[in-house]
Amino acid sequence: MEKPYFDIAASSLVAVIPITDQKTDYRFPWHPALQPVARSYTAIQKVIAEACFMGASSVWLVCNKNMQPLIKKVVGERLRQPSTFYMDSEGGKHPVPVYYVPVHIRDRHKAECPSWSVLHGCLEAYEISGIISKWTLPDRFLILDPYLMCDYYDAIYEKKHMRQEINFAYKSEGKTYKDGVNVPFTLSYKDCIEAKEKYDELAYEFYEENSMVEASIKIPLDKIFNSATIDRDFEIGKTYDIRTWEVYMDYMRSDYAAQLRKPGFVGPYSFGELFKEEEDA
C-alpha cells in the first residue's frame, strides 16, 4: 500500500500509552494509572492531556480487558481539543478519539513487558487505521509513560518538530529512553518493524532458558529500540517515576503538583455527547 503524502500540518501523530504494567510498590483497589496526581486529576488523564498538547491526532491505550471498563469510565471516548489546535473549515474543533487496545489471553505473560506493550499498541494502531483508509495511516508514533510525572509546558512548543518526519525524544537530566528513562519519544512504522524483529530474537532466547510457566518476559525499551535514531531532543528537567511510594510522595510535595490543574478539555466525554452538541449548536 502506497503511503500518501502528508505535510507537517496534516501529518498524523498517534499517541500510544501502555498501561498493562501494574507493578508498583503500593496497592489500592484501583488501577495504578488512576492514582491521583492533582485535585480531581489522575495519572492517565494527565498523560492523555499531554499527548493532546504534543499534537497527537488520536490516543491508543494498551490495557487488559478486565481494566478497560474502569479506565474508560474515567477517560471516556474522546477529548475536547485544546484551543491551540487547528479548527476545521466551519470553525469547529476536532475531537481527539481515545481507543482501547486489548491484550489477548494468549499474550497475558507478555503484557507487563514494556517493549511488547509499546509494539502491540503501535502495530495495532497502524493495522486498524489502514483498514479504515490509507489516509488515516499514522506517520509517527508518540510513546508516553503514564507513571512519569514532569512539567512539559515548555516542551509543548516542540510539537512542530514531533510531527515532522524525524525521530524526536525528550531527555531528563541528559538521559533519553535509550538510557532507561521512560521519557516520551517518537518512532516511525519502519522503526517498529525493526524493533519487532529484535524483540522476537530476544524473546526466543528468553524462552530457550525459561519455560512458559515461569516469570513473565521483561525486555526494556532501550534493548529493542537501540537501532532507532534520535534526530532531535529536548531537555525537560527533573522527572518523577511514581511507581514507588517514596517518589510518589516526593512528587505530591513538589511545587509542580501543587500548581497542577485538570484542563477543561479532559473528560470523560463520549461521542454521543459530541453529536448532541452539534444538534444544539
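The values are calculated or read from the model by the stated rules, or taken from the named source; none is laboratory data. Note that this is a predicted model, so its numbers are computed, not measured. Glycine also receives a Cβ, built like all others from the backbone with ideal geometry; neighbour counts cover every protein chain displayed.
Computed quantities for the displayed model
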quantity: Lone unmet requirement of (1) among the hydroxyl-bearing types (Ser, Thr, Tyr); (2) closer than 30 Å to Tyr26 by Cα; (3) at pLDDT below 85 for Thr136; calculated: (2)
quantity: Residues being modelled with pLDDT of 85 or more and among the polar types (S, T, N, Q) - total across region 1-53; calculated: 4
quantity: The listed residue being modelled with pLDDT under 80, aliphatic (A, V, I, L, M) and on the phi < 0 side of the Ramachandran plot, out of Ile143, Ile128, Ile105; calculated: Ile105
quantity: Strands (runs of 3 or more DSSP E) fully within region 9-80 counting 1 or more residues that are under 24 Å from Leu123 (Cα atoms) and of a type in the set (A, V, I, L, M); calculated: 13-18, 58-62
quantity: Matching residues, region 217-253, being polar (S, T, N, Q) and either surrounded by 15 or more Cβ atoms within 10 Å (Cβ to Cβ) or closer than 14 Å to Asn182 by Cβ (or both); calculated: Thr239, Thr244
quantity: Inter-residue pairs, beta-carbon under 7 Å, first crowded, with 21+ Cβ neighbours inside 10 Å and of a type outside the set (A, V, I, L, M, F, W, C) and in region 174-202, second part of a helix (DSSP H, G or I) and at pLDDT 85 or above, 6+ apart; calculated: Tyr199/Leu119
quantity: Search result, residues across region 111-143 that are in contact with a strand residue (DSSP E or B) (Cβ under 7 Å, 6 or more places away or on another chain) and surrounded by fewer than 18 Cβ atoms within 10 Å (Cβ to Cβ); calculated: Glu124
quantity: Residues within region 65-102 that are at pLDDT 75 or above and farther than 24 Å from Thr186 by Cα, tallied; calculated: 11
quantity: Close pairs from region 242-260: first aromatic (Phe, Trp, Tyr) and assigned to a loop (DSSP other than H, G, I, E, B), partner crowded, with 16+ Cβ neighbours inside 10 Å and at pLDDT below 90, Cβ under 6 Å, at least 6 apart; calculated: none
quantity: Contacts under 8 angstrom Cβ, first residue in region 209-232 being under 21 Å from Glu197 (Cβ atoms), partner part of a strand (DSSP E or B) and at pLDDT 80 or above, 6 or more apart; calculated: Leu221/Ile143; Phe225/Leu187; Ala228/Leu187; Ile230/Phe168; Ile230/Ala169; Ile230/Phe185
quantity: Qualifying positions in region 36-45 - surrounded by fewer than 20 Cβ atoms within 10 Å (Cβ to Cβ) and not aromatic (Phe, Trp, Tyr); calculated: Pro36, Ala38, Arg39, Ser40
quantity: Residue selected from region 180-217 under the condition farther than 22 Å from Gly121 by Cα and not hydrophobic (A, V, I, L, M, F, W, C), by the criterion modelled with the lowest pLDDT; calculated: Glu214
